[in-house]
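Data first, discussion second: the structure below is written as structure tokens.
The values are calculated or read from the model by the stated rules, or taken from the named source; none is laboratory data. Values in this document were obtained by computation on a predicted structure and should not be read as measured data. Methodologically, a virtual Cβ is constructed for each residue, glycine included, from the backbone with ideal geometry; neighbour enumeration extends over all protein chains shown.
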Amino acid sequence: MDAAAFTARVHALADPVEKEKLQRYFKTGPGEYGEGDVFLGVRVARLSVLCKEFIDLPPAELDILLGSPLHEVRAGALSIMDRQARRKRTPEDRRRELYELYLRRLDRINNWDLVDMAAPYVVGGYLHRRDRAPLYQLAASPNLWARRTAVLATAYFVRAGEFGDTLALAEILLHDKEDLLHKAVGWWLREVGNRDQGRLLAFLDRHAAAMPRVMLRYAIERLPEDRRRHYRELKRVTA
């Protein structure tokens, strides 16, 4: 049960037809956000089953996996990290190691699925009862995936009924130029609204007119139609 064994098992699951689909889906062409990323063509469900077998891999072996040029190998490492972070019996020193490994290897966490897989529990879970200043440092990074990590980490807080950091980071990232950030911010604003519609409406009353269209569309998706129409009109008037 080490990085080499895991990588060999991932190779055995490769599917060339699936590989072509994944490389298109994750935008690996020239000039796209996933440019140059290499896929084997492993379905998520099959990778998930494999990760359960390797759930006890130590951070040193996970670090090796994160260095792989293969997307599914890195995805497997992050899935295992997420599983370890979710386990109640995982000791605090291991949670710290996973958190530090994630941040140290951000250069290898270079697509939205990789961020979304591990940021909530590995980063957000670790910071839940700690100083959350690292999230604001990530939000100020020129690295798109660091900024998305900041937003996705707050998923843990939102699920715990704590919305302040999600709203504060949304305000900081309001004018970000990246569509993948607009979607992430809008997504978690929507989740805030699912739990406390008043907090979302207060945010939208202040910022809807200035929000990127995709961010606004995601944020208002589950509001009543009259509310959605109101905020779309605010955006249209200031466009």
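Give the residue, chosen from ASP165, ASP205, that is within 30 Å of ARG87 (Cα to Cα), charged (D, E, K, R) and assigned to a helix (DSSP H, G or I). Walk me through it before giving the result.
Numbers: ASP205 fails: within 30 Å of ARG87 (Cα to Cα).
Going through ASP165, ASP205 in turn, just one is within 30 Å of ARG87 (Cα to Cα), charged (D, E, K, R) and assigned to a helix (DSSP H, G or I): ASP165.
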Output for region 189-222, where each listed residue is closer than 16 Å to GLY161 by Cβ and of a type in the set (Asp, Glu): GLU191, ASP196
Test: ILE109 is buried (at least 22 other Cβ atoms within 10 Å of the Cβ) and in the same structural domain as THR7 (by TED's automatic domain parsing): yes
What are the residues in region 41-61 that are in a helix (DSSP H, G or I) and either over 16 Å from VAL123 (Cα atoms) or not assigned by TED's automatic domain parsing to the domain that holds LYS27 (or both), if any? VAL44, ALA45, ARG46, LEU47, SER48, VAL49, LEU50, CYS51, LYS52, GLU53, ALA60, GLU61
Considering only region 47-56, I want to know if a residue exists there that is out of contact with any Cys (no Cβ under 6 Å at 6 or more places or on another chain), of a type in the set (Asp, Glu) and at pLDDT below 95. no
Of the residues in region 208-217, those that are touching a Leu at 6+ places or on another chain (Cβ under 7 Å) and in a helix (DSSP H, G or I) number 3
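Please go through region 119-152 and pick out each residue that is closer than 14 Å to ARG95 by Cα, aliphatic (A, V, I, L, M) and within 13 Å of the chain's Cα centre (by Cα).
Passing the criteria: ALA119, VAL122, VAL123.
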Test result for ALA75, surrounded by 24 or more Cβ atoms within 10 Å (Cβ to Cβ) and at pLDDT 95 or above: yes
Give me the pairs, please: first residue somewhere in region 176-203 and over 17 Å from THR149 (Cβ atoms), second residue anywhere and of a type in the set (Asp, Glu) and at pLDDT 95 or above, beta-carbon distance under 7 Å, and either six or more positions apart or on two chains. ARG190/GLU221
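Select from region 182-200 the residues that are of a type outside the set (A, V, I, L, M, F, W, C) and out of contact with any Lys or Arg (no Cβ under 7 Å at 6 or more places or on another chain) and list them in ascending order. Before the answer, list the steps.
Of region 182-200, the ones of a type outside the set (A, V, I, L, M, F, W, C) are 182-183, 186, 190-191, 193-199.
Residues satisfying the conditions are HIS182, LYS183, GLU191, ARG195, ASP196, GLN197, GLY198, ARG199.
Let me confirm something: among VAL49, VAL38, which residue is under 29 Å from GLU178 (Cα atoms), surrounded by fewer than 17 Cβ atoms within 10 Å (Cβ to Cβ) and hydrophobic (A, V, I, L, M, F, W, C)?
Details: VAL49 fails: under 29 Å from GLU178 (Cα atoms).
None of the other options fit; the residue is VAL38.
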Among the residues of region 103-142, count how many are free of Cβ contacts under 8 Å to residues at least 40 places away in the same chain, of a type in the set (Ser, Thr, Tyr) and more than 16 Å from GLU178 (Cβ to Cβ). 2
Qualifying positions in region 13-29 - crowded, with 16+ Cβ neighbours inside 10 Å and assigned to a loop (DSSP other than H, G, I, E, B): LEU13, PHE26, THR28
Being basic (Lys, Arg), in the same structural domain as MET117 (by TED's automatic domain parsing) and closer than 19 Å to ASP107 by Cβ: is that true of LYS27 here? yes
